[in-house]
Amino acid sequence: MSATGITEGITEDVDRSDPDYRAWLKEAVRKVQADANRSADTHLLRFPLPEAWGIDLYLKDESTHPTGSLKHRLARSLFLYALCNGWIRPGRPVVEASSGSTAVSEAYFAKLIGVPFVAVVPRTTSAEKCRLIEFHGGACHFVDDPMKVYEESAALAQRTGGHYMDQFTYAERATDWRGNNNIAESIYQQLRLERYPEPAWIVATAGTGGTSATIARYVHYMQFDTRVCVPDPENSVFFEGWTTHDPDVTGDCGSRIEGIGRPRMEPSFLPGAIDRMMKVPDAASVAACHALEAAIGRKAGGSTGTGLWSALKIVSEMVAEGRTGSVVTLLCDPGDRYLDKYYSDDWLAAQSLDIAPYAKTIETLLSTGIWREPGA
């Protein structure tokens, strides 16, 4: 016997094959892939703009997924990634740090394959999102400090023998950015019969950063000229980290725009892949949500408003420069999850958010083609 514990001259052989586990794994992967086959494509909606502008603005409506948000795609990719890596095991919980929508979708997939799910969420997460997590069979584990969700999730997974999914690390690598009907490929396929099939800009907000990374990588891989813009809400450090090239920048509070904005530069956010960022006031995000409802009759969450505000600003630049083309942004989740927030006058007043000046900016743009920032 050598110092390494291996008998010299003998072939050591340890076979950990587990037929029961492999049978469970095959069935779990089949169920998750079947969900994609049923629900991967979502609608591409048009936001009405004056015909004379020669510009088309679209919203990729991710609220039509079975769990009602863009995060359904991410959760599916994360589950396939973790399953195929051997990280998720029968009977053991999946634990996730989430502000809500990812947890709703992950609870759905956990229930689909028959494993427990626990979401570690900030205590400020909307009551409707918590209800949806529990509706899909998950449990909520609350923390008072949003910055503690990471370490508490890891610790909880360790205590229970489960798997910490860690969307903020794995979002950008779990998704197949080369195609496989990812969100970018779906957008381009749906645009192929439109008058401007290659958009001038795609606007994608960032929570993990996985969606903007997927879109930007696909654009580069397919050699399109499309530019990618990432708007950032207040109380998020992505914009500051991107503009200063500082990967270690942190903040001390959470974003009021649920689902996007982070107090640290998340590992899945790829600064070098994107072309442009905007820092969007929270009041502007909410005003854009209300403008969307007025335009197409659909309520959406605050992250949709953040993206729409930035997309409209880009449209205004195209109008001013006499350029035609198309712009795409995302309808991330439905507004009925936020009736007590972004659609509540009491909440807006409590947060000291005055959306009227920003609503006026949008109204002026749509009627005159001119963008006037509030206070400018």
Identify, from the list T102, T64, T124, the residue that is polar (S, T, N, Q) and under 26 Å from S326 (Cα atoms).
T64
Taking segment 233-282, which residues are polar (S, T, N, Q), over 23 Å from Y218 (Cβ atoms) and crowded, with 21+ Cβ neighbours inside 10 Å?
S236, S255
Give me the pairs: first residue in segment 147-166 and in contact (Cβ under 8 Å) with a residue 24 or more places away in the chain, second residue open to solvent by 40 Å² or more (accessible area, probe 1.4 Å) and hydrophobic (A, V, I, L, M, F, W, C), beta-carbon distance under 6 Å, and six or more apart or on different chains, which are they?
H163/W87; Y164/A154
Filtering strands (runs of 3 or more DSSP E) wholly in segment 30-137 for at least 3 residues that are on the phi < 0 side of the Ramachandran plot and not aliphatic (A, V, I, L, M) gives 43-47, 55-61
In the set G307, G322, G297, the lone residue that is open to solvent by less than 10 Å² (accessible area, probe 1.4 Å), under 21 Å from Y58 (Cα atoms) and small (G, A, S) is G307
Identity of the residue in segment 126-137, out of contact with any helix residue (DSSP H, G or I) (no Cβ under 7 Å at 6 or more places or on another chain) and open to solvent by 30 Å² or more (accessible area, probe 1.4 Å), that ends up farthest from M165 (Cα to Cα)
A127
When S316 is run through (1) open to solvent by less than 50 Å² (accessible area, probe 1.4 Å); (2) in contact with a Ser or Thr (Cβ under 8 Å, 6 or more places away or on another chain); (3) farther than 26 Å from C130 by Cα, the failure sits at (2)
Residue match in segment 177-196 (condition: free of Cβ contacts under 8 Å to residues at least 40 places away in the same chain and in contact with a strand residue (DSSP E or B) (Cβ under 8 Å, 6 or more places away or on another chain)):
yes
With respect to A119, determine if the residue is touching a His at 6+ places or on another chain (Cβ under 8 Å) and either over 30 Å from Y188 (Cβ atoms) or among the small types (G, A, S) (or both).
yes
Check on G207, within 20 Å of the chain's Cα centre (by Cα), at pLDDT below 95, surrounded by 22 or more Cβ atoms within 10 Å (Cβ to Cβ) and not hydroxyl-bearing (S, T, Y):
yes
Could you check, for segment 278-286, whether at least one of its residues is of a type outside the set (S, T, Y) and within 24 Å of H43 (Cβ to Cβ)?
yes
Which listed residue is touching a Gly at 6+ places or on another chain (Cβ under 6 Å) and at pLDDT 95 or above, from K60, K26, K111:
K111
Any pair with Cβ under 8 angstrom, 6 or more apart, that starts in segment 7-35 at a residue that is more than 30 Å from N181 (Cα to Cα) and ends at one that is open to solvent by 100 Å² or more (accessible area, probe 1.4 Å) and part of a loop (DSSP other than H, G, I, E, B)
T7/M1; E8/M1
I'm told R123 meets every condition in (1) open to solvent by 20 Å² or more (accessible area, probe 1.4 Å); (2) charged (D, E, K, R); (3) touching a residue at least 40 places away in the same chain (Cβ under 8 Å) except one. Can you identify the failing condition by its number?
(3)
State which residue is least open to solvent (accessible area, probe 1.4 Å) when the search covers only segment 339-356 and only residues that are in a helix (DSSP H, G or I) and touching an Asp or Glu at 6+ places or on another chain (Cβ under 9 Å).
L348
Which listed residue, of L49, L70, L45, is in contact with a strand residue (DSSP E or B) (Cβ under 7 Å, 6 or more places away or on another chain), surrounded by 10 or more Cβ atoms within 10 Å (Cβ to Cβ) and over 29 Å from Y108 (Cα atoms):
L49
Residue under evaluation Y150, criteria (1) crowded, with 16+ Cβ neighbours inside 10 Å; (2) outside any helix (DSSP H, G or I); (3) not acidic (D, E), criterion not met:
(2)
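Residues checked against (1) within 30 Å of S367 (Cα to Cα); (2) of a type in the set (A, V, I, L, M, F, W, C):
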| site | (1), (2) |
| --- | --- |
| E240 | no, no |
| D246 | no, no |
| V249 | no, yes |
| P263 | no, no |
| L270 | no, yes |
| D275 | yes, no |
| C289 | yes, yes |
| G297 | yes, no |
| S310 | yes, no |
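The values are calculated or read from the model by the stated rules, or taken from the named source; none is laboratory data. Note that the coordinates shown come from a computational prediction; the quantities given were computed from them, not determined experimentally. For neighbour counting, all protein chains shown are included, and Cβ atoms are generated from backbone atoms with ideal geometry for every residue, glycine included. Calculation scope for accessible area: heavy atoms of the full protein, side chains included, ligands and nucleic acids excluded. Shrake-Rupley method; radii C 1.70, N 1.55, O 1.52, S 1.80 Å.
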